[in-house]
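Below is one structure, written out as C-alpha cells; the observations come after it.
The values are calculated or read from the model by the stated rules, or taken from the named source; none is laboratory data. On a predicted model such as this, the values are computed, not experimentally measured, just so you know. Reconstructed Cβ throughout: ideal geometry from the backbone, glycine too, with neighbour counts over all protein chains shown.
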Amino acid sequence: MHLTTDGFVAGPGGELDWMSQEMDVLQMEKLKELTESMDTIIMGRGMAKEFTTYWESVVNNQPGSPEYPYAKIFVDTPKIVFSKTVKTVEGKNVTVENGDLVKKVNALKDQPGKDIIVYGGANFVSELVKNNLIDELYLFINPVAIGNGLKIFHDTVKLQLVNSTAYDNGIIVNQYKQVATA
C-alpha cells in the first residue's frame, strides 16, 4: 500500500495525486516479485473498477509497457471484491463477495496455494487491519506529506520491521509483520 510520509493512503476525498508516478527499475522488480508470489487478489468495491480497468488497459493496449509483465498477472489472477452494496463488478476473473469479511478472508487464508494480496482502498484495508487479517504489510512510503487524508491505522497496531529498501525515486518500501498480541 502506498502511504505519504505522514501516514495517509489518500487525500480527504480519496485523491491519489500525491503518489509518485516515477517508477524505479528496482521498484518495478519488487512489484513483479510480489505479484508472482500470489494467486488471489482481494479488494474493496471502491478500488475494484479503477484497478481492473487500468490493468486490463495495460494488457490490451500497451504490450511494450514496463508494467506489462505484472499487469498480465493481475488480469489473469482471480480477484475477489468485497462489497455490501454491489453484486457484480466488470472485469476479467472478478467475483464479488457480499458475505462476512472476517469469515471469508479466514477461509481464503486456510486454502492451499500462494499468497493473497490486498489492493485497497483505505476503508477496506483498515477493516482488514482492525480484524487482524493481514499477516504482512508492504508499505510504499512516498516522499510527500499531505497533512490530511484517509488512513488505514486507527488504533495501535504493533509491527515488526522485516525489511526496508530505499529506491532512487525517493520511495521507501517497508515490509512488516504484525506482532501477535496476547
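A few notes on this one:
- Long-range neighbours under 9 Å by Cβ, at least six apart or interchain, first residue touching a residue at least 60 places away in the same chain (Cβ under 8 Å) and at positive phi within segment 130-152, second crowded, with 16+ Cβ neighbours inside 10 Å and not aromatic (Phe, Trp, Tyr): Gly147/Thr4; Gly149/Thr4; Gly149/Val9; Gly149/Ala10; Gly149/Gly11; Gly149/Ala122
- Total residues in segment 27-49 satisfying the condition of being surrounded by 14 or more Cβ atoms within 10 Å (Cβ to Cβ) and part of a helix (DSSP H, G or I): the figure is 12.
- Among (1) over 16 Å from the mean Cα position of the chain (by Cα); (2) loosely packed, with under 12 Cβ neighbours inside 10 Å; (3) of a type outside the set (Gly, Ala, Ser); (4) closer than 27 Å to Asn142 by Cβ - the single one Tyr68 does not satisfy: (2)
- Single match in Gly14, Gly7 (criterion: surrounded by fewer than 16 Cβ atoms within 10 Å (Cβ to Cβ), modelled with pLDDT of 90 or more and assigned to a loop (DSSP other than H, G, I, E, B)): Gly7
- Any hit, segment 103-124, residues being out of contact with any helix residue (DSSP H, G or I) (no Cβ under 6 Å at 6 or more places or on another chain), among the basic types (Lys, Arg) and closer than 21 Å to Ala10 by Cα: no
- Residues within segment 116-133 that are surrounded by fewer than 14 Cβ atoms within 10 Å (Cβ to Cβ) and closer than 26 Å to Glu33 by Cα, tallied: 1
- Residue under evaluation Gln111, criteria (1) free of Cβ contacts under 8 Å to residues at least 24 places away in the same chain; (2) surrounded by 15 or more Cβ atoms within 10 Å (Cβ to Cβ); (3) closer than 25 Å to Lys72 by Cβ, criterion not met: (2)
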